[in-house]
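Trainee: Structure below; questions to follow.
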Amino acid sequence: MQGKYRNRSYWLDAIGHELIPRPPLQGSIDVDVAILGAGFTGLWTAWYLLERDPSLRVAVVEQAIAGFGASGRNGGATSASFPYSLGRLEKDFGREAARATHFAMKDSLEEILRVADEQGIDAHQHRGGSMRFARAPHQLKAVDSTLETYRTLGLDDHVEALSGDEIRRKVNVSDVIRGYNNPSGAVIQPARLARGLADAVERAGATIYEETRVLDWSPGQHPKLMTTRGDVRARAIVLAGEAYLSQLPKTRRAVAPFHSLMTVTEPLSDAQWAEIGWENRETIGTTQYNVNYHQRTADGRIAFGGLGAPYFFGSNIRDIWNPDHPVFVKLRQLAVEWFPVLRDVTFTHAWGGPFGMPRDRMPSMTFDEANGIAWSRGYTGQGVTTANLAGRVLANLITRTDSDLLNLPPVNHRSPDWEPEPLRWTGIRFIQSGYDEVERRAEETGMPPSGRSIAERIGWR
């Protein structure tokens, strides 16, 4: 693989073929639906639009290549977890809304695997479940709270409580105390899924224009995307840029781009895997505030990801990261702490990417028919499965297809805008430091977070 898209992430670097961009837009065009972004949201929306009405003229406009953004850089986990927790959904929207969202997310996971299988997309998909556990006493409260929420919602059979010994028999993680497994989880190679889905969308009849950057968009009776290479006029336009929407004038404050970083080991030996286990390739992570997430790749590596990178003033997005960044150093340290057998292992790749966070942490899936503008955004780092749900919701809204999905909490939800700069930078960096302080204090005392810090009180948990 050659050119400027090399090493954007390990996933893209290991795609198995050269990343040759599709032809860009060549002048202004007219279509039925114009989609900004060839990531998971844009591609799933195109897929379901054409499934509902194959006669639609659908154009997808991408500033780089399909899967270049978060869809090709994430942790490779798809599960029934929604960005807005089940406990908060129950509190804010009621028991039935929380249950309905959970089942919709389970269905979205099944949809991802179904379409991948039917379309012959080899995304290294494997249904192994999604495990979360505590490695320190202060993390136990979050484990118990999650299990209690499932019990309260009558979803006991949708999650499995695990003792430390039971976890170690699955994955030999050091110092693990107890946790749970959600069977509705699968591991994927995200860039292979994104690139394969792009091919499937083209076969279904859509056109994808790559290396075509959208400069702005215009609502109204004749909405359009204005790009560096011409206008795309349509009956409806879909803003599916997620974190990158923060780079456009009209949506600059709709989401704040946060960065998650990842690193990956060289392929491990059979002896190392015999010590670690992990034969079922569950996605794993702890319940600490600064989220971390890990997977065993199909080619025998371990990929480690986590938060901790600072928010950049003006919602700046950075695509290139120094491998010596403190977050990468911490991830490599954690890898050896979790799996001491990795002490002499080489880490071959380090990369980062943005995800979009709305002001209230609730994703939005909306279509304003009068102005012809649809969008889905604000996945807070849990976008692989949520994007499939969004694609189905937006396709139903645009084609006026009745569905129970249209009654879910994120549908036609409108998050408040983020504050203007410099208030946005000051507030977010303050909250980020609050998270660090909460975690540090909990580690020192062994006590779970009290709920009294500002970071906790504003609901960012």
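The values are calculated or read from the model by the stated rules, or taken from the named source; none is laboratory data. This structure is a prediction, so every number in the text was calculated from the model and none was measured. Cβ coordinates were reconstructed from backbone atoms using ideal geometry, including for glycine residues, and neighbour counts include every protein chain displayed.
Trainee: Name the residue, out of ASP216, ASP165, that is acidic (Asp, Glu) and outside any helix (DSSP H, G or I).
Mentor: ASP216
Trainee: Would you be able to say whether some residue in the stretch 373-396 is modelled with pLDDT of 95 or more and surrounded by fewer than 20 Cβ atoms within 10 Å (Cβ to Cβ)?
Mentor: There is at least one residue in the stretch 373-396 that is modelled with pLDDT of 95 or more and surrounded by fewer than 20 Cβ atoms within 10 Å (Cβ to Cβ).
A quick yes/no check of all residues on (1) charged (D, E, K, R); (2) touching a Gly at 6+ places or on another chain (Cβ under 7 Å):
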residue	(1), (2)
VAL171	no, yes
ASP175	yes, no
PRO183	no, yes
SER218	no, no
GLN221	no, no
GLY230	no, yes
ARG233	yes, no
ALA236	no, yes
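Trainee: Could you grab the pairs with beta carbons closer than 6 Å, sequence gap of 6+ or different chains, first residue in the stretch 324-341 and over 14 Å from GLN295 (Cα atoms), second one of a type in the set (Gly, Ala, Ser)?
Mentor: What qualifies is VAL327/GLY308; VAL327/ALA309; PHE328/ALA350.
Trainee: Restricting to the stretch 150-178, and then to whatever is hydrophobic (A, V, I, L, M, F, W, C) and within 30 Å of GLU96 (Cβ to Cβ), can you tell me which residue is surrounded by the fewest Cβ atoms within 10 Å (Cβ to Cβ)?
Mentor: For the stretch 150-178, the residue satisfying everything is ALA161.
Trainee: Which members of the stretch 50-106 meet the condition of being small (Gly, Ala, Ser) and without any contact (Cβ under 8 Å) to a residue 40 or more places away in the chain? Give the steps one after another, and end with the answer.
Mentor: Of the residues in the stretch 50-106, the ones small (Gly, Ala, Ser) are 55, 59, 64, 66-67, 69-72, 75-77, 79-81, 85, 87, 94, 97-98, 100, 104.
Within the stretch 50-106, SER55, GLY94 meet the criteria.
Here's the yes/no breakdown for (1) touching a Phe, Trp or Tyr at 6+ places or on another chain (Cβ under 7 Å); (2) part of a loop (DSSP other than H, G, I, E, B); (3) buried (at least 23 other Cβ atoms within 10 Å of the Cβ):
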position: PRO21; (1), (2), (3): no, yes, no
position: ALA38; (1), (2), (3): no, yes, yes
position: THR41; (1), (2), (3): no, no, yes
position: TRP44; (1), (2), (3): no, no, yes
position: SER55; (1), (2), (3): no, yes, no
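Trainee: State all residues of the stretch 65-83 that are out of contact with any Leu (no Cβ under 8 Å at 6 or more places or on another chain), among the small types (Gly, Ala, Ser) and assigned to a loop (DSSP other than H, G, I, E, B); if no residue qualifies, say none.
Mentor: Passing the criteria: GLY69, GLY75, GLY76, SER81.
Trainee: Do we find that ASP122 is surrounded by fewer than 20 Cβ atoms within 10 Å (Cβ to Cβ), under 21 Å from LEU394 (Cα atoms) and under 25 Å from the mean Cα position of the chain (by Cα) in this structure?
Mentor: It is false that ASP122 is surrounded by fewer than 20 Cβ atoms within 10 Å (Cβ to Cβ), under 21 Å from LEU394 (Cα atoms) and under 25 Å from the mean Cα position of the chain (by Cα).
Trainee: Being under 17 Å from the mean Cα position of the chain (by Cα) and at pLDDT 95 or above is the filter here, so list the residues in the stretch 31-69 that pass it.
Mentor: Answer for the stretch 31-69, where residues must be under 17 Å from the mean Cα position of the chain (by Cα) and at pLDDT 95 or above: GLY37, ALA38, GLY39, PHE40, THR41, GLY42, LEU43, TRP44, THR45, ALA66, GLY67.
Trainee: Could you pull out the residue among VAL264, VAL291, VAL329 that is at pLDDT 95 or above and β-branched (Val, Ile, Thr)?
Mentor: Within the list VAL264, VAL291, VAL329, the selection yields VAL264.
Trainee: Taking LEU147 and the conditions (1) crowded, with 20+ Cβ neighbours inside 10 Å; (2) hydrophobic (A, V, I, L, M, F, W, C); (3) closer than 26 Å to VAL176 by Cβ, which numbered condition does it fall short on, given that it satisfies the others?
Mentor: Here LEU147 meets the rest and fails (1).
Trainee: So which of LEU162, LEU193 is within 28 Å of ILE35 (Cβ to Cβ) and of a type outside the set (D, E, K, R)?
Mentor: Unique residue meeting the criteria: LEU193.
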